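The values are calculated or read from the model by the stated rules, or taken from the named source; none is laboratory data. Keep in mind that this is a model prediction, so the values were computed, not measured. Note that we place each Cβ from the backbone using ideal geometry, even for glycine, and neighbour counts take in every protein chain shown. Surface areas here come from the heavy atoms of the whole protein model, side chains and all, with no ligands, DNA or RNA. Shrake-Rupley method; radii C 1.70, N 1.55, O 1.52, S 1.80 Å.
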Amino acid sequence: MDIKKRLIISNTITVLIPIIIACFTIFIFILVSSDIFHTDMNYQNFKKTAAIKSELLNSIKNISQLNPENIEDPEFQKYMHHKLSSINGELIITKDNKVIFSSKDVNKIDIERCLEESKSKLFSKPIQIDNTFYMTEVSPVVFKDKSVGNVLLLAPTGKEADTFKTFIITVLIVFFASFAAVNIFMSYLYSKRILEPISILKKATAEISKGDLDFEIVENGDCEIRELCADFERMRIQLKDSVRMKMKYDDNRKMLVSSISHDLKTPITSIKGYVEGILDGIANTPEKTELYLKTIYSKAEQMDAMIDDLLLYSRLDLNKLPFNFEKTDIINYFDYCILECAPELQKSNIEISLENNLKESKYVKIDRERMRRVIVNIIDNSRKYMDKKQGKIAIILRETASSIIIEIRDNGVGINKNDINKVFDRFYRADLARSETKGSGLGLAIAKQIVEGHKGKIWAVGHEDKGTSIIVSLAKIS
Ligand SMILES: Nc1ncnc2c1ncn2[C@@H]1O[C@H](COP(=O)(O)OP(=O)(O)OP(=O)(O)O)[C@@H](O)[C@H]1O
Ligand SMILES: [Mg+2]
């Protein structure tokens, strides 16, 4: 539920429920008072009582504003008595505890009762005099001679007058009490659905700002709050990813620096050695000098290739190299690859063949130049790590429902089980290769970056000492 809806519903409930409870109280009150106390709580009676009360209040207000001399004036007393006759009212005036005017024969005890009752103001009850209930209003007066007295107004009323008062007070109390209770309850619900999730969110943001990016933000509460939580959670995950990426890049940089320095150090040391040999005159014949220079040239070439690989790898790693994807017929592509590689491999006594298990021409979207680099790197490994007299490389093409699978299988030394998952890591070289063959350990790492740039997969399968398969899977297009 959204906050706007919740506010409308909660405000409506806060008003409606107390009204319903008050109506119910009115109903019960009328039922109980008529059935148990036998009072006639009808509208006419209520109207009549209200009219009497209003007339009495008006009259008493007029009297309280009068000059005290007028109160003792018999003309005024007559006028007042006449005025009250519309409600059968009576007028009694006392001075120094003596009755100086009374339109009705009332004894002193009853007058005292009236005076006593008038003190309770709001909760005053009708006074019963000679079997009739009277509503009373009293106004204290100070006469001209400084003596004190009271003006009493009495009007006959039904027994219900008292009940009406109790009724109104009860209904008001019930309404306000239920209003307060419903209000507290709705506020509690409101706070549970809105304030509680906000405080959790606040706690989470405080944790995140302290650097704890594992503090998960659980979606809770109303629609808007849930959306806010989801946005915060997305932000936390992105922040965590960027921190992880930064750490990864930092690690990469450190690793690159240490590997580069190590791998470049070896040829540079050799070059230094050979140059010193020439300078010191150890290469004292033209043949020896030529051999030294050729070695220096080959070491320099090795370093050049290594730097090229490094540049390519770091560009691929930073996603800085754009791919130029083209729809390509996979059989034609590999036919051409084999044609290109075969003469060079022939020199190393390696035979290369294509095993096509595709029934018809199949297409993939590839950057032909970069994919060529992948194939060259893989085939170059097969050549480098070949231990058989007659080397064999087979490129096997097959397909699954959604992919084209390219397997490049050789019959070389094979890869140790423990190394099989590590060969795609940059600078990783199995012990044998490290000791015997040239290379920087970037060939397969570059191949992996390129294949992943094609949204494909690459993995290796070892065939004990019978060889290795490097398998590439690419999405098939129609
Ligand atoms: N066909 C294979 N047969 C046996 N071992 C392999 C084969 N291909 C890769 N390897 C192992 O995997 C390691 C990593 O290969 P990768 O091509 O990444 O590096 P490299 O060949 O050593 O150096 P570079 O390719 O940079 O010149 C190699 O050092 C080698 O131990
Ligand atoms: Mg290699």
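Observations on the structure shown:
- Rounded to the nearest 20, the Cβ-based charge dipole of segment 326-477 about its Cα centre (Lys and Arg +1, Asp and Glu -1) stands at 280 debye.
- Computed with the Debye formula from one identical point scatterer per Cα of segment 379-471, without solvent, the log10 of I(q)/I(0) at q = 0.14, 0.17, 0.26 Å⁻¹ comes to -0.50, -0.74, -1.53.
- Selection among T205, M371, T266 by position relative to the dipole of the chain gives T266 as farthest towards the positive end (Cβ unit charges, Cα centre).
- Separation of the alpha carbons by more than 22 angstrom is noted, of K299/K320; K392/K476; K320/K457; K53/K95, for K299/K320; K392/K476; K53/K95.
- Axis angle, to the nearest 10 degrees, between helix 43-65 and the longest C-alpha principal axis of the chain: 70 degrees.
- Here the Karplus curve 6.51 cos²θ - 1.76 cosθ + 1.60, taken at θ = phi - 60°, turns the phi angles of segment 317-323 into couplings of 5, 8, 6, 9, 9, x, 9 Hz, with x standing for Gly and Pro.
- Share of carbon and sulfur in the accessible heavy-atom surface of the chain [1.4 Å probe, %]: 58 percent
- The chain: angle of helix 160-190 to the longest principal axis, Cα-based, in degrees nearest 10: 10 degrees
- Computed over the alpha-carbon pairs of the chain, the distance histogram in 20 Å steps reads 15, 23, 15, 11, 9, 14, 10, 2 percent, short to long.
- Protection proxy ranking, highest mean first, for peptides 64-70, 375-381: 375-381, 64-70, where packing is the per-residue count of other beta-carbon atoms within 10 Å, averaged.
- GluC sites (Glu not before Pro) within segment 166-247, DSSP loop, no more than 15 other Cβ atoms inside 10 Å: E216, E219
- Selection from Q390, Q346, G441, by position along the positive dipole direction of segment 304-453 (Cβ): G441
- Cα extents for segment 68-132 along the principal axes, largest to smallest and rounded to whole angstrom: 32, 29, 23.
- With viscosity 1.567 mPa s and temperature 4 °C, the Kirkwood radius over alpha carbon pairs of segment 3-174 converts through Stokes-Einstein to a diffusion coefficient of 71 µm²/s.
- Phi to ³J(HN,Hα) by Karplus 6.51 cos²θ - 1.76 cosθ + 1.60 over segment 128-142, Hz, x for Gly, Pro: 8, 10, 6, 6, 10, 8, 10, 8, 10, 9, 10, 10, x, 10, 10
- J(HN,Hα) series, segment 443-455, from Karplus relation 6.51 cos²θ - 1.76 cosθ + 1.60, nearest Hz, glycine and proline x: x, 6, 5, 5, 4, 5, 4, 5, 4, 5, x, 8, 6
- Entries of K83/K108; K417/K455; K210/K240 with Cα pairs more than 18 Å apart: K83/K108; K417/K455
- Dipole size of segment 223-317 about its Cα centre, with +1 on Lys/Arg Cβ and -1 on Asp/Glu Cβ: approximately 320 debye, rounded to the nearest 20.
- Crossing angle, helix 196-209 versus the chain [Cα axis fit, 0-90 degrees, rounded to tens]: 40 degrees
- Electrostatic tally near N324: other residues with Cβ closer than 14 Å to its Cβ, Lys and Arg +1, Asp and Glu -1, net +3.
- Set of aspartates and glutamates near K327 by C-alpha distance (under 15 Å), chain-local residues within fewer than 8 positions excluded: D367, E369
- For segment 310-393, trypsin sites (Lys or Arg not before Pro) meeting the loop criterion (DSSP other than H, G, I, E, B) and having at most 13 other Cβ atoms within 10 Å: K320, K359, K389.
- Among the GluC sites (Glu not before Pro) within segment 344-391, those in coil by DSSP and having at most 10 neighbouring Cβ atoms inside 10 Å are E360.
- At 1.306 mPa s and 10 °C, Stokes D of segment 223-317 from Kirkwood alpha-carbon radius, µm² per second: 91 µm²/s
- The residues of the chain present an accessible area of 61 Å² per residue when probed at 1.4 Å with all protein chains retained.
- Only DSSP H runs of four or more residues enter the estimate; each adds -39500 (n - 2.57), and after division by the residues of the chain the mean residue ellipticity at 222 nm equals -19500 deg cm²/dmol.
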